[in-house]
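Colleague: Quick one: the structure is below, and I'll ask about it shortly.
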Amino acid sequence: MKKFLWIALGLVAMLGLSACNTMRGIGQDVQKAGSAIEDAAKKK
């Protein structure tokens, strides 16, 4: 039973860390898109 709990805890930790990295990447993409829109608006 303890082995199962350690495996489950490890999986949750891995998913949590990968989710943080994914959210950071999405944030950077949204920021770049916003900058591109802002630049296009300034050119008009």
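The values are calculated or read from the model by the stated rules, or taken from the named source; none is laboratory data. Computed from a predicted structure; not experimentally measured. Here the Cβ positions follow ideal geometry from the backbone for every residue, glycine too, while neighbour counts run over all protein chains shown.
Colleague: If you check Ala40 against the conditions, is it exposed (fewer than 10 other Cβ atoms within 10 Å of the Cβ) and of a type in the set (A, V, I, L, M)?
Modeller: yes
Colleague: While we're looking at this one, here's another question. Return the only residue of Ile26, Ile37 being assigned to a helix (DSSP H, G or I) and either modelled with pLDDT under 85 or in contact with a helix residue (DSSP H, G or I) (Cβ under 6 Å, 6 or more places away or on another chain) (or both).
Modeller: The conditions single out Ile26.
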